[in-house]
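As structure tokens, the structure follows; a few thoughts come after it.
The values are calculated or read from the model by the stated rules, or taken from the named source; none is laboratory data. Computed from a predicted structure; not experimentally measured. No Cβ is skipped: glycine too gets one built from the backbone with ideal geometry, and neighbour counts run over all protein chains shown. Ligands, DNA and RNA are excluded from the accessible area calculation, which covers all protein heavy atoms including side chains. Shrake-Rupley method; radii C 1.70, N 1.55, O 1.52, S 1.80 Å.
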Amino acid sequence: MTDHIAIEDTADGVRLIRIDRPEKKNALTGAMYKAMRDALVGADASETIGAVVFAGAPGAFSAGNDLADFVAGARKPFSEAPALHFIRQLARTRTPMVAAVDGIAVGIGTTLTLHCDLVYASPAARFRMPFVELGLVPEAASSYLLPRRVGLLKATEMLLLSQPFDADEAVALGLANAVMPAGLLLEHAMAQAGRLAALPRGAVAATRALIRGDQAAMEAALEAEAVAFEARLRAPEAQAAFAAFLNRGRPS
Ligand code: COA
């Protein structure tokens, strides 16, 4: 159970998954991943839910994995990590997904959107995947999906150099559909999700499968990343990077 993920189902068949931990910039804990995974599993099993929307708090879609959780989790097998269970489910979810990104979207805050069918971003959206800076490797099949979406060189800037990008660049690169004013963002994402939910479900599922291409190859990449990620989590480089963030501002 967590208060930091709010789930709301609308009458027109949309499940809103709202990340709500603004005091920590919507950094994701194990309990939050579990709540989001369960919400996706439930959406796929539901006869009434036809689309999912991911949204965050004003100014913070998500600051990515909680870095204190990374430190604690490094001692446990990664196969048991709620983050991995969520990522696997995200990649397999059959219900169409829409992201409404306002403000910071770091790490999984960005890679989550690669699995969404439609992505809308506010002018304040700032995407960044600082895995390598943190001593880690990409996750959520981003090492597979990004080069195919934006080309190898651009993906290298984003994944090796952790180069940030904003909403306009996301649209230009094909990583977001449109920039929407923050005040209209969620309303627009919900409306688009409502349109998806109203379509014939079988045709939506079949079309999604065709558009998304080789699911097995994508999932294989996700699993290969998970193996590398587990090794990196325990590496001194990563532990030092997590400690540097968590001890910011403290006298040494
Ligand atoms: N894990 C744990 N706590 C986090 C967090 C994270 N990923 N991101 C932010 N927080 C916490 C901060 O520690 C701070 O907590 P405190 O008030 O108890 O000190 C609070 O959220 C606010 O963050 P702050 O850094 O003061 O906000 P900011 O607007 O100056 O910067 C970010 C926002 C997202 C740029 C910055 O917090 C950041 O770089 N976070 C880490 C992002 C990251 O590396 N994620 C993992 C990717 S794999």
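Just a few scattered comments:
- The mean sequence distance of close C-alpha pairs (under 8 Å, at least 6 residues apart), as a share of the length of region 49-131, puts its relative contact order at 38 percent.
- Charge context of residue 37, other residues only, Cβ under 14 angstrom, K/R +1, D/E -1: +1
- Residues 113, 207, 2 ordered from highest to lowest accessible area at a 1.4 Å probe: 207, 2, 113.
- Cβ-based charge dipole, region 64-210, positive-most Cα from 124, 96, 210: 210
- Semi-axes of the equivalent ellipsoid for region 44-167, Cα gyration tensor, largest first, Å: 21, 20, 15
- The charge dipole of the chain, taken about the Cα centre with unit charges on the Cβ atoms of Lys, Arg (+1) and Asp, Glu (-1), comes to about 300 debye, rounded to the nearest 20.
- Principal axes of the chain: Cα extent on each, largest first, Å: 57, 37, 37
- Normalised contact order of the chain, rounded percent, pairs of Cα under 8 Å and 6 or more residues apart: 21
- Rolling a 1.4 angstrom probe over region 96-252 with all protein chains present gives an accessible area of which 64% lies on carbon and sulfur atoms.
- The packing ranking of peptides 238-246, 33-41, highest mean first, is 33-41, 238-246, where packing means the average number of other beta carbon atoms within 10 angstrom of each residue.
- Within region 216-252, backbone nitrogen closer than 19 Å to the virtual label 7 Å beyond the Cα of residue 23 toward Cβ: 246-248
- Spatially, region 197-212 and region 20-89 are offset by 25 Å when compared through their Cα centroids.
- Heavy-atom accessible surface of the chain, averaged per residue, reaches 46 Å², computed with a 1.4 Å probe.
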